[in-house]
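Written below as structure tokens is the structure these notes are about.
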Amino acid sequence: MYKSPKADNIHFKKLKTMKTFYFTLSFICLHVCCIAQSHKRPNIVFFLSDDHAYQAISAYGFGLNNTPNIDKIAKEGTLFTRAFVTNSLCAPSRAAILTGKYGHLNGIMGNGGEVFNGAQTTFPKLLHESGYQTALIGKWHLNSDPTGFDYWKILPGQGIYYQPDFIENGVRKTETGYVTDLTTEFAIDWLNQRDTSKPFCILVWQKAPHRDWLASLTYLHLFDSVNIPMPETFYDNYKTRTRAAHEQKMQIDRDLADNYDLKLHFDISNPPGRLDENWKSFLDKFTPEEKKAFEDAYRVKNEAFFNAHLSGKELAAWKYQRYIKDYLRSVQSVDDNVGILLQYLKDHQLDNNTIVIYSADQGFYLGEHGWFDKRFMYEESFRTPLLIKWPGVVTPGTKNNNLVMNIDIGETLLDAAGVNIPSEMQGASLLPVLKKSGTPANWRKSVYYHYYESGDEHNVAKHIGVRTDRYKLIYFYENKEWEFYDLEKDPNELNNVFGNLAYKKEIEALKKNLKELQQKYKDPEPVLP
Ligand code: SGN
Ligand code: CA
């Protein structure tokens with residue numbers, strides 16, 4: 001049929017209008033979908049502190065201190081009572097969190113200078129690829145530049161408390177201030193300039209409360225007038241334990257340095273004790289006001305100590321008070337800074353669509369068994385704090401007793417963001433345990449542990465082990481010695497019952513399970529007897 005050019009023209013115009021209409025419609029749809037999607041995909045704030053023992057978070061109920069801001073995460077979310085690490089040490093734990101894999105697969109088994117291979121798949125990288133804006137602020141400790149972040153500003157190595165250097169996307173600069181406050185300040189700077197059209201994931205990884213436990217000036221006198229209760233296992237004599245517990249070098253009564261740890265000497269012209277050079281370099285960092293504040297805070301107490309000529313248990317108890325108070329003082333600033341960031345989320349109407357995680361790279365001994373530091377598979381260092389809030393998903397104020405691990409965190413965040421979880425990751429998404437109370441039917445029934453760094457400054461022997469709901473089996477493979485604990489009857493792990501025939505069946509079952517877990521996690525060493 002013939003069509004007049006006019007009709008054709010009209011038809012063409014109609015078609016064009018329709019095309020424009022559909023194009024605009026689909027553009028609007030896409031835009032609306034994107035907005036909906038970006039609203040749906042939660043933001044993530046992941047706090048990871050260094051050496052923060054769960055005993056020093058008031059929500060865990062130990063009564064040592066008061067951490068109202070971290071507690072808020074538990075009040076508005078959930079607190080995990082049984083969160084474990086793969087290896088209780090800084091670099092291995094960070095690598096495990098990032099990759100969701102054990103150290104023998106991600107390459108970081110100790111702190112001894114192993115370089116993290118940044119080409120590996122990590123959860124921040126996958127979030128970034130899926131459209132998240134990603135940032136990392138604070139302690140990194142993995143000896144290579146971070147990958148997978150739009151922005152990073154990290155401490156070199158362990159970092160220091162006062163006037164720390166930070167490396168910002170590769171450029172190193174000395175900053176003025178206290179490390180815990182600075183870390184938050186830099187996190188807020190980044191949040192303020194981020195692209196608000198995208199969801200974000202920021203890792204706020206604090207240096208505190210790592211050794212040498214330097215408080216901020218605000219808290220130098222906190223706890224001055226109180227006596228912190230000692231843990232009931234402080235005077236443990238390791239009677240039933242194997243060699244490892246006897247040979248460690250992390251005893252409060254013996255292994256803390258007078259200057260650096262106990263802060264007995266601020267006059268460094270003639271300092272006794274070890275680590276003098278280290279201590280001097282920290283003192284040199286103080287401004288005159290900070291130096292004076294520190295000297296003022298410790299002078300009178302130190303004079304009283306020298307005049308008292310303490311020995312034996314009295315001396316040990318004094319050292320415990322000095323140690324625990326400094327430790328808790330540095331925790332206090334961490335808590336304040338968590339509060340500042342939670343308030344920021346609220347002030348910017350971000351709190352309802354942000355997952356907040358608080359955890360530590362491992363647990364820590366606060367005098368239990370007479371110790372400071374970590375490394376052992378005993379509960380205080382094997383367990384780590386883990387608190388998660390996610391409004392609308394996690395029921396506020398709940399406690400979660402499932403066996404969970406640091407390698408679960410990355411998978412959880414990927415799952416929450418709707419990103420596929422790579423099969424090579426060895427943890428499990430926590431969404432099923434976050435969304436429902438109780439234990440999902442196929443949830444893990446035991447946790448595998450492997451510590452590698454024997455012979456270092458704290459001399460903890462290499463070991464592997466397995467922990468179930470009730471029992472724990474540890475194998476110190478260099479020493480070829482076993483330990484077995486019934487955690488229900490002996491929660492403080494004072495009574496190694498490995499040789500006890502009454503537990504024969506349970507011990508055999510755990511030995512079998514240990515072998516199965518080595519296979520499951522593809523850990524080739526050690527070959528078990
Ligand atoms: C430093 C500390 C140790 C601590 C390790 C590992 N000594 O070497 O006490 O165990 O870090 O800590 S210090 O005198 O230098 O403070 S970790 O958190 O990085 O694994
Ligand atoms: Ca640590």
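Among the residues of region 178-202, those that are of a type in the set (Val, Ile, Thr) and either in a helix (DSSP H, G or I) or open to solvent by 60 Å² or more (accessible area, probe 1.4 Å) (or both) comprise VAL179, THR180, THR183, THR184, ILE188, THR196.
Looking at region 55-171, the helices (runs of 4 or more DSSP H) lying wholly inside it that each contain 1 or more residues that are of a type in the set (A, V, I, L, M), over 14 Å from the mean Cα position of the chain (by Cα) and assigned by TED's automatic domain parsing to the domain that holds PRO199 sit at 68-75, 103-106, 123-129. Pairing each residue of region 81-102 that is on the phi > 0 side of the Ramachandran plot with any residue that is more than 12 Å from ligand 1 (Cβ to nearest atom) and part of a helix (DSSP H, G or I), provided the two are 6+ apart or on different chains, yields C-beta distances under 6 Å for GLY100/GLY410; GLY100/GLU411.
If you take the residues in region 98-138 that are open to solvent by 30 Å² or more (accessible area, probe 1.4 Å) and touching a Gly at 6+ places or on another chain (Cβ under 7 Å), which one is nearest to ASP165 (Cα to Cα)? Once the filter is applied, the top-ranked residue is GLU114. Restricting ASP296, ASP336 to those that are farther than 27 Å from LYS249 by Cβ, part of a helix (DSSP H, G or I), more than 16 Å from ligand 2 (Cβ to nearest atom) and at pLDDT 95 or above reduces the list to ASP336. Picking from residues in region 203-220 that are farther than 18 Å from GLN158 by Cα and touching a helix residue (DSSP H, G or I) at 6+ places or on another chain (Cβ under 6 Å), the one that is least open to solvent (accessible area, probe 1.4 Å) is LEU220.
The values are calculated or read from the model by the stated rules, or taken from the named source; none is laboratory data. In this text, all values refer to a predicted model and were calculated from it rather than measured experimentally. Quick reminder, even Gly has a Cβ in these numbers, built from the backbone with ideal geometry, and neighbours come from all protein chains shown. These area figures cover heavy atoms from the full protein model, side chains too; ligands, DNA and RNA do not enter into them. Shrake-Rupley method; radii C 1.70, N 1.55, O 1.52, S 1.80 Å.
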